[in-house]
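The values are calculated or read from the model by the stated rules, or taken from the named source; none is laboratory data. Source: prediction; values computed, not measured. Glycine also receives a Cβ, built like all others from the backbone with ideal geometry; neighbour counts cover every protein chain displayed. SASA here: full protein model, heavy atoms, side chains in, ligands and nucleic acids out. Shrake-Rupley method; radii C 1.70, N 1.55, O 1.52, S 1.80 Å.
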Amino acid sequence: MSSSFPGELTGTRPRVPLAHLPTPIEPLPRLSARLGGPKLWAKRDDLTGLAGGGNKARKLEFLIAEALATGADTLVTCGAVQSNHARQTAAAAAKSGLRCTLVLRGREPHESQGNLLLDRLLGAEIVWAEDRLADERLGEVAEELRSRGRRPYVVPYGGSNPVGACGYVAAMQELLDQSAREGISFDRIVFPSSSGGTQAGLAVAARALGYPGTILGVSVDLGARALQEKLAPLASATANLLGLSGSFRPEDFAVEDAYIGAGYAVLGDLEREAIRTAAETEALLLDPVYTGRAFGGLLDLIRKGTFAPDERVLFWHTGGIPALFAYSEALAI
Ligand SMILES: Cc1ncc(COP(=O)(O)O)c(C=O)c1O
């Protein structure tokens, strides 16, 4: 089933309902009090559903609609062993009656935990990239499937092309509708940023709808300039796809790159403390790779006095919780 939503910025794009929307906005009063301000809220995209929640559910609503329109019978994508994107792509395939092949980085681990366990339960076929780059293998695997008579649809890394980014254009519109209905506005929105679809989509809708606040992406893996240079063309192409005028420059994006630590998916004290603090004060579960890092960055920025005590800050929880279960040793629990 594909539907469109008139009146929405993304109303011209085909969309398959896969996520539980709108996701709730929750105040975090105990944490705000412990920190002495600012006022904190969380937008709970960890509750989007689709086999464990997360931001990819929103992107996949638009990507799956395109896959079905092209007559695809198989989704193919790539990612890390604990990729949330791979897990939600496998879930979207299962729910849409499509097959799924995942190209995952590195070699097959001895145990299937966290997202990898779910990929397998969801019926995905897994190809290990071993010594090759997973995104390089992706094209070859799609070609192999084609040569066997299948009709693959390649979902890009992180679901971050203009079609996928529409998920976060719609998400920003959803947030602004909720804000208007509930009478709360947010001065800043903070979240993890990596392949860029989330931040690009938010920025496109923010500009189109006149959101006056700051949208701050906490980079998970790239230096600020490299991420900004990825975001600008993606946001411009997304705006273009939706018939919105104007283009984006790298400087249009607020990015904080001080929390990359020892690199992608390497859990450090920043993430450990953030995960414990959010769980102990608000029963808010964060993931070790994305939201743990971004929330750790947010806590650090708060301690450095970056925000005024009465500022209203929304932490956009982008999901990833299944990966927690693959990190019990690194969490030292
Ligand atoms: C839980 C989680 N948060 C944030 C992100 C980053 O979002 P984006 O790739 O759209 O920048 C990802 C991407 O994989 C993710 O899995």
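Can you spot a residue in the stretch 39-46 that is open to solvent by 40 Å² or more (accessible area, probe 1.4 Å) and in contact with an Asp or Glu (Cβ under 9 Å, 6 or more places away or on another chain)? Within the stretch 39-46 (the criterion being open to solvent by 40 Å² or more (accessible area, probe 1.4 Å) and in contact with an Asp or Glu (Cβ under 9 Å, 6 or more places away or on another chain)), the answer is yes, since at least one residue qualifies. Here Gln199 meets the list (1) under 19 Å from Ala42 (Cα atoms); (2) polar (S, T, N, Q); (3) away from the ligand (no atom under 16 Å from the Cβ) almost entirely, failing just condition (3).
Suppose we keep only residues that are out of contact with any strand residue (DSSP E or B) (no Cβ under 6 Å at 6 or more places or on another chain) and crowded, with 19+ Cβ neighbours inside 10 Å within the stretch 237-256. Which one would you say is farthest from Gly210 (Cα to Cα)? So the residue we want is Leu241. Could you tell me whether Gly292 is without any contact (Cβ under 8 Å) to a residue 12 or more places away in the chain and under 14 Å from Tyr327 (Cβ atoms)? Against the criterion (without any contact (Cβ under 8 Å) to a residue 12 or more places away in the chain and under 14 Å from Tyr327 (Cβ atoms)), Gly292 does not qualify. Of the residues making up the stretch 303-312, one or more are in a strand (DSSP E or B), within 22 Å of Tyr211 (Cα to Cα) and in contact (Cβ under 8 Å) with a residue 60 or more places away in the chain. Just so you know, in the stretch 91-109 the residues that are open to solvent by 60 Å² or more (accessible area, probe 1.4 Å) and not basic (Lys, Arg) include one that is farthest from Ala57 (Cα to Cα), and it is Glu108. Return yes or no: is Glu282 in contact with a helix residue (DSSP H, G or I) (Cβ under 7 Å, 6 or more places away or on another chain), of a type in the set (Asp, Glu) and touching a residue at least 40 places away in the same chain (Cβ under 8 Å)? Taking the combined requirement at face value, the residue satisfies it. Being within 20 Å of Phe295 (Cβ to Cβ) and either over 19 Å from the mean Cα position of the chain (by Cα) or among the aliphatic types (A, V, I, L, M) (or both) holds for only one residue in Leu241, Leu227, and it is Leu227. Among the residues of the stretch 58-82, those identified as within 14 Å of the ligand (Cβ to nearest atom) and open to solvent by 10 Å² or more (accessible area, probe 1.4 Å) are Ala80, Val81, Gln82. Any residue at all in the stretch 156-178 that's touching a Phe, Trp or Tyr at 6+ places or on another chain (Cβ under 7 Å), away from the ligand (no atom under 16 Å from the Cβ) and modelled with pLDDT of 95 or more? Yes, the stretch 156-178 contains a residue that is touching a Phe, Trp or Tyr at 6+ places or on another chain (Cβ under 7 Å), away from the ligand (no atom under 16 Å from the Cβ) and modelled with pLDDT of 95 or more.
The residue list Leu270, Leu234 contains one member that is open to solvent by 10 Å² or more (accessible area, probe 1.4 Å), in contact with a Phe, Trp or Tyr (Cβ under 9 Å, 6 or more places away or on another chain) and under 16 Å from Thr198 (Cβ atoms), which is Leu234. For the stretch 295-325, a residue qualifies if it is small (Gly, Ala, Ser), buried (at least 23 other Cβ atoms within 10 Å of the Cβ) and in contact with a Gly (Cβ under 8 Å, 6 or more places away or on another chain), and the qualifying residues are Gly319, Gly320, Ala323. For the stretch 135-145, indicate whether the set of residues that are modelled with pLDDT under 95 and over 16 Å from the mean Cα position of the chain (by Cα) is non-empty. Yes, the stretch 135-145 contains a residue that is modelled with pLDDT under 95 and over 16 Å from the mean Cα position of the chain (by Cα). Across the stretch 48-57, the number of residues qualifying as closer than 16 Å to Phe295 by Cβ and either open to solvent by 10 Å² or more (accessible area, probe 1.4 Å) or among the polar types (S, T, N, Q) (or both) comes to 1. Every listed requirement among (1) in a loop (DSSP other than H, G, I, E, B); (2) within 16 Å of the ligand (Cβ to nearest atom) is met by Ala278 save one, (1). For Thr101, the requirement of being among the β-branched types (Val, Ile, Thr), more than 22 Å from the chain's Cα centre (by Cα) and either farther than 22 Å from Thr318 by Cα or modelled with pLDDT under 95 (or both) is not met.
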